[in-house]
Amino acid sequence: MKANFTEEKNLQNSLAGQRQQTRRLAYTALLFALTLTFSYLEGLLPPLGPFPLKYGLANTPIILSIMTRGLPLALALSLFKSAFALATRGAMSALLSLVGGLLASLVMWTVDRASKGRISFYLLSALGALAHNTGQVLVLVALYGQNMQTFFLGIFPLLLILGLASAWITAALTQLILKNLPADF
């Protein structure tokens, strides 16, 4: 009788572990699908401001992953987003996406960890947008050198303002998605 109880308990634990694993896989797949979908949708929207700037919607899954799963998934999503940029918009877009995305992921993860997860979506998104734009400007200055350094540094304040506006949109979208996910997802 006792052996049957132990076997049944082991089976229940095994099934619970499998369910949890399935939920994690489904959530990860959802984040990759959202990254691809938001990247595609951003390409259909008119640019944000006078430059070919994106809205940052594709950063929403990265913020979600930082807040729920950690840095490795956020970095993987950033790489995935950059690969999509390479396939659809070319090498320069991919490079800007990669450097900006990796820097933003590292900054957001560091701040989220330091705050022990008590940071608001809006502040986390704003810091990520500022880091993303900073990474992009650093790449542009490195690639184009002294000839364009003044121009890129001159537009940097405008990029930061537009980045903060897009961060608000991204944070609102992040909050909406998290609010509608099941608690145990």
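Just the number, please: carbon plus sulfur as a percent of the accessible area of the chain, 1.4 Å probe, no ligands or DNA/RNA counted.
Of all accessible area on the chain, carbon and sulfur atoms account for 68 percent.
For Thr110 and Leu153, what does the FRET efficiency come to when R0 = 22 Å and r is the distance between their Cβ atoms, rounded to the nearest 0.05? Intermediate results must be reported in sequence, preceding the final value.
Values: r = 25 Å, r/R0 = 1.13.
Using R0 = 22 Å, I get an efficiency of 0.30.
If each residue of separation counts as 0.36 nm, what is the full-extension length gain between Ala16 and Ser120 once their alpha-carbon separation is subtracted? Provide the component values of the computation, followed by the final result.
Values: separation 104, 0.36 × 104 = 37.44 nm, distance 3.16 nm.
Working it through step by step, the gained length comes to 34.3 nm.
Quickly estimate the mean residue ellipticity at 222 nm for the chain, helices only: each DSSP H run with n ≥ 4 gives -39500 (n - 2.57), and the total goes over all residues, rounded to 500.
-30500 deg cm²/dmol
Charges at C-beta only: +1 for Lys and Arg, -1 for Asp and Glu. How large is the resulting dipole of the stretch 5-65 about its Cα centre, in Debye rounded to 20?
Dipole of the stretch 5-65, to the nearest 20 debye: 60 debye.
Which of Leu160, Leu15, Leu36 ends up with the largest GNM mean-square fluctuation for the chain, with Cα atoms connected below 10 Å?
Leu15
Could you compute how much accessible surface Val99 exposes when probed at 1.4 Å, giving the result in Å² to the nearest 10?
About 50 Å², rounded to the nearest 10.
If you put +1 on each Lys and Arg Cβ and -1 on each Asp and Glu Cβ, how big is the dipole of the stretch 1-103 around its Cα centre, in Debye rounded to 20?
140 debye
Report relative contact order for the stretch 96-135 in percent, whole number only (criteria: Cα-Cα under 8 Å, sequence separation at least 6). If you can, show how the numbers build up before the last one.
On the way: 33 pairs, mean separation 24.5, N = 40.
Computed over the stretch 96-135, the figure is 61 percent.
Which whole-number percent is the relative contact order of the chain (Cα, under 8 Å, 6+ apart)?
In percent, rounded to a whole number, it is 21.
Taking the 0 to 90 degree range and rounding to the nearest ten, how far is the long axis of helix 2-44 tilted relative to the main principal axis of the chain, both from C-alpha atoms?
Tilt relative to the chain: about 20 degrees.
Would you rank Tyr27, Tyr55, Tyr40, Tyr144 by solvent-accessible area, highest first, keeping every protein chain in place and using a 1.4 Å probe?
Tyr40, Tyr144, Tyr55, Tyr27
Over the chain, how many pairs of lysines fall under 27 Å by alpha carbon, counting only those 8 or more apart in sequence or from different chains?
5
Beta carbons within 10 angstrom, averaged per residue: use that to sort the peptides 127-135, 110-118, highest first.
Values: 127-135: 23.7, 110-118: 12.3.
The peptides rank, most packed first, as 127-135, 110-118.
Using a Förster distance of 41 angstrom, determine the FRET efficiency expected from the C-beta separation of Leu71 and Glu8, and round it to 0.05.
Working from the Cβ atoms, E equals 0.60.
Using a 1.4 angstrom probe, figure out how much accessible area the stretch 51-185 has per residue, in square angstrom, rounded to the nearest whole.
Per residue, the stretch 51-185 has an accessible area of 50 Å².
Which value, in debye to the nearest 20, gives the size of the charge dipole of the chain about its Cα centre, when Lys and Arg are +1 and Asp and Glu are -1 at the Cβ?
With Lys and Arg at +1 and Asp and Glu at -1, about 340 debye.
With a 1.4 Å probe and all protein chains kept in place, how much accessible area does Lys54 have, in Å² rounded to the nearest 10?
Surface accessible to solvent at Lys54 totals approximately 80 Å².
The values are calculated or read from the model by the stated rules, or taken from the named source; none is laboratory data. This one's a predicted model, so the numbers in the text were calculated from it and none came from an experiment. Ideal geometry is used to build each Cβ from the backbone, glycine not excepted, and the neighbour counts take in all protein chains shown. These accessible areas exclude ligands, DNA and RNA; they are computed on the full protein's heavy atoms, side chains included. Shrake-Rupley method; radii C 1.70, N 1.55, O 1.52, S 1.80 Å.
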